[in-house]
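First the structure, in the form of structure tokens, and then the observations on it.
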Amino acid sequence: MTSIDYRALEQPLKPDDPCGPDLDLEGDDDYLNFFAVQEGVMPATFFVDGQPFSFDPSVVDIDELVAKIGALLSRTRDLRLVMLLARLSILNGNLAEFSRSVVAGARMLELFWDETHPRAENGSLAMRAATLGTLDESTVAFSLQYVRLCESRRAGPVNLRSFLYARREAEPRAGEETPTESTILQTLRDAAEQTAASRAAVEATRAALDRIGALWAERADIVTAPRLSNLRAVLTRILALIDLALPPAAAAAAEPGATPSLEAESASAPQGGVGSGAQAAAALQGAYSYFQACEPSSPVLPLLAQAQALLGKSFIEVLQILLPDHVGSAAYQIGGRHVFPLPVGRLADLSPASETADEGWGETSAESQADDGPRMAHAGSQVVPAARDGAAIATRSQALAALDQVAAWMRAQEPSSPVPWLIERASALAGRDFLSVLRAVLPPDALSDLDQGS
């Protein structure tokens, strides 16, 4: 697949007009005709006749489309073109090019926030948010599930989708290969350089999304920022899969700098990452402390407090905390063709006590910092307790990035934990206004009068 000169996008077109004209507003024929053509190229759904989408090379010349995008970008700095390139790339199975495009979009916004097209209209960035929102379409999410992470002669290509089949989280379609989980993980290890390159591309993409979120919070209104929750969820699952087979340190050693990343670490991400239970607990505490100090009315707080309380708990303790009314009916089905139920509650006395199970987590409760006095980090006019590993969380974007890291690590390290699901829900609710939060937590008929009034 032909690439474009992404570095050139960081250079102003003119000293007094760094991003050039808005070709859409000017009614430029080349621009309008190109987008008219691409509407017939991009699929509305990922599955066509029950099979994953793929471009027909006899009908669609991807290299020609990319060349036309490059030609238009030589005249304008337009996020719509860059995001279209990202979608074309991932639909064509090119993870590295997808990553480069998303990184380039973040870089353009960082360098030319006010000038990048589409610009604000009457103070509204709705068009820009909608442009970025195209990355959250199901066609992109499914393409990422199917994109090749590595390949071997013996096992063939490995992707997240095959792992979901192995875990029985998705049903394979007719003709799709279904390798076992052990085969998938071993292939990722055997093709360590390819796996490391894929990991770097996914990490660079996520860092770019974090940077876009931080820029939006700083220069606009975080409430109107595109959440891109579908995209983030798939990226997190891919990283969790790779981490399961190849730890981050090994992946970095296998292929340093294999794919582009942002020139500096994402300004929105706390330093360090998560590589142990203690670090996960510290990051979770840091995120909790941010919301407690800066957004005390956030619906995120109860979910994070519950997540902290579940760290180190046994399966039975988790059931007793989250589903107390159903513990008595829960049972393991033992056997094959013929089974017998083994009640879960009957095994409670045999399960490890949380006093020993949570030793690797450190202090995990939301109130634990009160014992020796919290260390503090400033966030604007607020004072936010720092996470115990010293990584201060000063913005909502940093808090959400920290939560993403915790969820990814826990999905790889402790797949049975409910904590990632609580984090996922907390992240989805962060930044919502009061009424949308009510719609998310109340029964459907609770706000019927309010809806009728609106």
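Conditions (1) acidic (Asp, Glu); (2) farther than 16 Å from Leu235 by Cα; (3) in contact with a Pro (Cβ under 9 Å, 6 or more places away or on another chain), marked per residue:
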{"site": "Ser152", "(1), (2), (3)": "no, yes, no"}
{"site": "Ala155", "(1), (2), (3)": "no, yes, yes"}
{"site": "Leu160", "(1), (2), (3)": "no, no, no"}
{"site": "Glu171", "(1), (2), (3)": "yes, yes, no"}
{"site": "Pro179", "(1), (2), (3)": "no, yes, no"}
{"site": "Ser182", "(1), (2), (3)": "no, yes, no"}
{"site": "Arg189", "(1), (2), (3)": "no, yes, no"}
{"site": "Ser198", "(1), (2), (3)": "no, no, no"}
{"site": "Thr205", "(1), (2), (3)": "no, no, no"}
Q. Within the set of pairs 6 or more residues apart or between chains, which connect a residue that is touching a residue at least 60 places away in the same chain (Cβ under 8 Å) inside the stretch 204-221 to a residue that is surrounded by fewer than 21 Cβ atoms within 10 Å (Cβ to Cβ) and hydroxyl-bearing (Ser, Thr, Tyr) with Cβ atoms less than 6 Å apart?
A. Ala204/Ser261
Q.
Of the conditions (1) surrounded by 14 or more Cβ atoms within 10 Å (Cβ to Cβ); (2) within 18 Å of Thr236 (Cβ to Cβ), Arg167 satisfies every one except a single condition; which number is it?
A. (1)
Q. Out of all the residues in the stretch 106-124, which are modelled with pLDDT under 95, assigned to a loop (DSSP other than H, G, I, E, B) and of a type in the set (S, T, N, Q)?
A. Asn122
Q: Select from the stretch 304-349 the residues that are closer than 18 Å to Glu414 by Cβ and assigned to a loop (DSSP other than H, G, I, E, B) and list them in ascending order.
A: Leu311, Gly312, Lys313, Ser314
Q. Is one or more of the residues making up the stretch 105-123 more than 23 Å from Pro15 (Cα to Cα), in contact with a Leu (Cβ under 9 Å, 6 or more places away or on another chain), crowded, with 22+ Cβ neighbours inside 10 Å and aliphatic (A, V, I, L, M)?
A. no
Q.
Looking only at helices (runs of 4 or more DSSP H) that lie completely in the stretch 174-250, which have at least 1 residues being within 18 Å of the chain's Cα centre (by Cα) and surrounded by fewer than 18 Cβ atoms within 10 Å (Cβ to Cβ)?
A. 229-245
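A quick yes/no check of all residues on (1) farther than 28 Å from Arg119 by Cα; (2) outside the structural domain of Met108 (by TED's automatic domain parsing); (3) of a type in the set (A, V, I, L, M); (4) in contact with a helix residue (DSSP H, G or I) (Cβ under 7 Å, 6 or more places away or on another chain):
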| position | (1), (2), (3), (4) |
| --- | --- |
| Ala44 | no, no, yes, no |
| Gln51 | yes, no, no, no |
| Val59 | yes, no, yes, no |
| Ser74 | no, no, no, no |
| Ser89 | no, no, no, yes |
(Q) Tell me yes or no: at least one residue of the stretch 381-394 is surrounded by 13 or more Cβ atoms within 10 Å (Cβ to Cβ) and modelled with pLDDT of 80 or more. (A) yes
Q: All but one of (1) part of a helix (DSSP H, G or I); (2) of a type in the set (D, E, K, R); (3) within 23 Å of Pro226 (Cα to Cα) hold for Asp30, so report the exception by its number.
A: (3)
Q. What number of residues within the stretch 1-27 satisfy the criterion of being of a type in the set (A, V, I, L, M), assigned to a loop (DSSP other than H, G, I, E, B) and farther than 18 Å from Arg119 by Cα?
A. 2
Q) Which of the residues belonging to the stretch 84-100 are touching a residue at least 60 places away in the same chain (Cβ under 8 Å) and assigned to a helix (DSSP H, G or I)? A) Leu85, Ser89, Leu95, Ala96, Glu97, Phe98, Ser99, Arg100
Q | Residue ID - farthest from Gln413 (Cα to Cα), chosen from residues in the stretch 155-194 that are touching a residue at least 12 places away in the same chain (Cβ under 8 Å) and of a type in the set (Lys, Arg) | A | Arg173
Q.
Suppose we filter the stretch 396-428 for residues that are at pLDDT 85 or above and over 28 Å from Ala245 (Cβ atoms); how many remain?
A. 1
Q.
Checking Leu81 against (1) assigned to a helix (DSSP H, G or I); (2) surrounded by fewer than 19 Cβ atoms within 10 Å (Cβ to Cβ); (3) without any contact (Cβ under 8 Å) to a residue 24 or more places away in the chain, only one condition comes out false. Which one?
A. (2)
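Residue by residue, here is whether (1) at pLDDT 95 or above; (2) of a type in the set (Phe, Trp, Tyr) holds:
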| position | (1), (2) |
| --- | --- |
| Met1 | no, no |
| Glu10 | no, no |
| Pro21 | yes, no |
| Val37 | no, no |
| Gly50 | no, no |
| Phe53 | no, yes |
| Ile90 | yes, no |
| Asn94 | yes, no |
**Q.** the stretch 230-279: number of residues that are within 19 Å of Val103 (Cα to Cα), in contact with a helix residue (DSSP H, G or I) (Cβ under 6 Å, 6 or more places away or on another chain) and modelled with pLDDT of 65 or more
**A.** 7
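The values are calculated or read from the model by the stated rules, or taken from the named source; none is laboratory data. The model shown is predicted, which means the values in this text are computed figures rather than measured ones. All Cβ positions, glycine included, derive from the backbone under ideal geometry; neighbour counts span all protein chains shown.
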